[in-house]
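The values are calculated or read from the model by the stated rules, or taken from the named source; none is laboratory data. Since the structure is predicted, the reported quantities are computational estimates derived from the model, not experimental observations. Quick reminder, even Gly has a Cβ in these numbers, built from the backbone with ideal geometry, and neighbours come from all protein chains shown.
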Amino acid sequence: MEQTKEQKLGTMPLPRLMASLAIPSVIAQLINVLYNIIDRMYIGHIPKVGPIALTGVGLTFPIIMLISAFSAFIGAGGAPLASIALGKGDKERAEKILGNGVSVLLIFSISLTIIFMIFKRPLLFLFGASDQTITYAVNYITIYLMGTIFVQFALGLNMFISSQGQARTAMLSVLIGAVINIILDPIFIFVLNMNVQGAALATIISQAVSAVWVVKFLLSEKSAIRIRRKNLAIDFSILKNIMALGISPFIMQATESAINIVLNRGLSIYGGDLYVGSMTILQSVMQLAVVPIQGFTQGVQPIISYNFGARKFDRVKKTYRLTISFTFAVSTIFCLLTVFCPGMFAGIFTSDPELLALVKKVMPIFMAGISIFGIQMGCQTTFMGLGQAKISLFIALLRKVILLIPLALILPKFFGVMGIYYAEPISDITAATTAFTIFLCVRKKIVSEEALSRLG
């Protein structure tokens, strides 16, 4: 009898299995990040207003990141638990986890739309907007917020597709939206002269199509776990478990929002709009570096979770060893590219000579710590896949809240505006070293029958 895709998680040779899941996931993550990066590429090259428009759109990142963080709260929190349940053979529980995820994402979508619509303007000024950039920021985020529900469903529920070993389907859901975005962006921005509003409209239309695709699949017989009406009623015992595991990725993304605010305000105070614009580009390049790693780890996480639930601990250990080795190699390669070829990346987003020169100067500093970041992501994924919520939460807090925010506030007092750029590599290297040390100390304890029994 032919095995189902989720059953293959426990039987297929690991290198082939990891490749079959990770490659589509990497492609999906790369495509997903294109939603915002393509917007920035086109916006940065709008005649006459490109640099200032790019800066204005960059100021909306904290809101966009926070919306994504809430989708990760449920998706990244629920998907590993659903996968563990499938590994145990408990399909009913897996579907209850999915159903609860759908309901909470809907609540989040409505709440976030209302809150940000009301407070968007004062928030944007708080984030570092000036009289020159506020119009572009408001115009972009107003339209983007209308598609909050699509973003929540497209990002959050797609993780439940990946968790059952359907990496190719998860990739297609993102690919469809990205292709639409790539087509619509130049039409809305340049042909229809909609400026930044056109970029936002293209994004939410593409996310809407992705969301419909994801929901349709999870309602179909092709999915190992399906959205069922009976499971939409919130079960607080299940929700508690989802949120316990989801708090770590939520904080990782939510703190990106906080970091963006701290960095932009610091750059605005010590440097001005040009420096704020440089951070928009630097964070875009950082996304290009991090996304392949995140895609790989998202692809292999179901392998860890399923085999842990199935008590195949040797497969779990082999998977995390291969994962950490690969993520470290990728992050090192990308670090070398950005340090030695900064102009190649900066030129994607701007042709303004002044902004280009600044980005080329600061990128080797800002990206220096990315070399070791892959190790942290490999460890983080393993902790998430094994349901280790507390450790995941600590690592998430360490890199951004405990290290980066204080450093970004303190270092400029000694080094001026350059201190803000120094903060990123220092926090990256320190956090990754700490995460790996913790992993080495606890890896035997967390991959065990005792650890599995505590998850219920």
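If you go through segment 204-228, how many residues are in a helix (DSSP H, G or I) and free of Cβ contacts under 8 Å to residues at least 24 places away in the same chain? Can you show your working first?
Let us first name the residues in segment 204-228 that are in a helix (DSSP H, G or I), namely 204-219.
Filter again for free of Cβ contacts under 8 Å to residues at least 24 places away in the same chain, leaving 212, 216, 219.
Matching residues across segment 204-228 total 3.
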### Total residues in segment 364-393, condition among the β-branched types (Val, Ile, Thr), touching a residue at least 60 places away in the same chain (Cβ under 8 Å) and surrounded by fewer than 24 Cβ atoms within 10 Å (Cβ to Cβ)
3
### Task
Would you point out the residue of segment 151-174, among those that are more than 16 Å from the chain's Cα centre (by Cα) and not hydroxyl-bearing (Ser, Thr, Tyr), that is nearest to MET194 (Cα to Cα)?
LEU172
### Query
For segment 179-203, what are the residues that are in contact (Cβ under 8 Å) with a residue 24 or more places away in the chain and either in a loop (DSSP other than H, G, I, E, B) or buried (at least 21 other Cβ atoms within 10 Å of the Cβ) (or both)?
ASN181, ASP185, ILE189, VAL196, ALA199, ALA200, LEU201, ALA202, THR203
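Would you say SER278 is surrounded by fewer than 21 Cβ atoms within 10 Å (Cβ to Cβ), touching a Leu at 6+ places or on another chain (Cβ under 7 Å) and not β-branched (Val, Ile, Thr)? Outline the logic, then answer.
Values: surrounded by fewer than 21 Cβ atoms within 10 Å (Cβ to Cβ): no; touching a Leu at 6+ places or on another chain (Cβ under 7 Å): yes; not β-branched (Val, Ile, Thr): yes.
Spelling it out, it is not the case that SER278 is surrounded by fewer than 21 Cβ atoms within 10 Å (Cβ to Cβ), touching a Leu at 6+ places or on another chain (Cβ under 7 Å) and not β-branched (Val, Ile, Thr).
Look through SER248, SER268 and report the one residue that is surrounded by 19 or more Cβ atoms within 10 Å (Cβ to Cβ) and within 27 Å of LEU124 (Cβ to Cβ). I'd like the intermediate steps shown before the answer.
Values: SER248 fails: within 27 Å of LEU124 (Cβ to Cβ).
Sole residue among the options that is surrounded by 19 or more Cβ atoms within 10 Å (Cβ to Cβ) and within 27 Å of LEU124 (Cβ to Cβ): SER268.
Out of all the residues in segment 49-81, which are over 20 Å from the mean Cα position of the chain (by Cα) and aliphatic (A, V, I, L, M)? Please lay out each step first, then the result.
Of all residues in segment 49-81, those over 20 Å from the mean Cα position of the chain (by Cα) come to 49-56.
Within segment 49-81, VAL49, ILE52, ALA53, LEU54 meet the criteria.
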## Note on the structure
Considering residues that are surrounded by fewer than 22 Cβ atoms within 10 Å (Cβ to Cβ) and not aliphatic (A, V, I, L, M), the number found within segment 316-330 is 6
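So that you can scan it fast, the table gives a plain yes or no per residue for (1) under 30 Å from ARG399 (Cβ atoms); (2) small (Gly, Ala, Ser); (3) over 18 Å from the mean Cα position of the chain (by Cα):
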position: VAL214; (1), (2), (3): yes, no, no
position: ALA224; (1), (2), (3): no, yes, yes
position: LYS230; (1), (2), (3): no, no, yes
position: ALA254; (1), (2), (3): yes, yes, no
### Task
Say whether the condition of being closer than 20 Å to GLU424 by Cα, crowded, with 16+ Cβ neighbours inside 10 Å and at pLDDT below 85 is met by at least one residue in segment 294-309.
yes
### Pick from segment 332-352, criterion in a helix (DSSP H, G or I) and in contact with a Pro (Cβ under 9 Å, 6 or more places away or on another chain), ranking: nearest to ILE46 (Cα to Cα)
PRO342
### Query
Would you pick out the residues in segment 133-171 that are within 18 Å of GLY75 (Cβ to Cβ) and of a type in the set (A, V, I, L, M)?
ILE149, VAL151, ALA154, LEU155, LEU157, MET159, ILE161, ALA167, ALA170, MET171
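Going by what's in this entry, would GLY58 be described as within 19 Å of GLN253 (Cβ to Cβ), at pLDDT below 80 and of a type outside the set (Asp, Glu)? Steps first, answer last, please.
On the way: within 19 Å of GLN253 (Cβ to Cβ): yes; at pLDDT below 80: yes; of a type outside the set (Asp, Glu): yes.
So GLY58 fits the description; yes.
May I ask you to list the residues in segment 331-344 that are crowded, with 21+ Cβ neighbours inside 10 Å and either under 27 Å from ILE395 (Cα atoms) or of a type in the set (A, V, I, L, M, F, W, C) (or both)?
Within segment 331-344, the first condition is being crowded, with 21+ Cβ neighbours inside 10 Å, and the residues that meet it are 331, 334-335, 338, 342.
If the condition is that a residue be crowded, with 21+ Cβ neighbours inside 10 Å and either under 27 Å from ILE395 (Cα atoms) or of a type in the set (A, V, I, L, M, F, W, C) (or both), then SER331, PHE334, CYS335, THR338 are the ones that fit.
Without any contact (Cβ under 8 Å) to a residue 60 or more places away in the chain and within 24 Å of SER448 (Cα to Cα): which single residue out of SER325, SER248, SER305 fits that description?
Numbers: SER248 fails: without any contact (Cβ under 8 Å) to a residue 60 or more places away in the chain; SER305 fails: without any contact (Cβ under 8 Å) to a residue 60 or more places away in the chain.
After ruling out the rest, the residue left standing is SER325.
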### Task
Identify the single condition in (1) in a helix (DSSP H, G or I); (2) in contact (Cβ under 8 Å) with a residue 12 or more places away in the chain; (3) farther than 21 Å from ILE372 by Cβ that ARG311 does not satisfy, given that it satisfies every other one.
(1)
### Task
Quick one: in segment 394-417, of everything that is more than 25 Å from LEU322 (Cβ to Cβ) and at pLDDT below 85, which residue is surrounded by the most Cβ atoms within 10 Å (Cβ to Cβ)?
LYS400
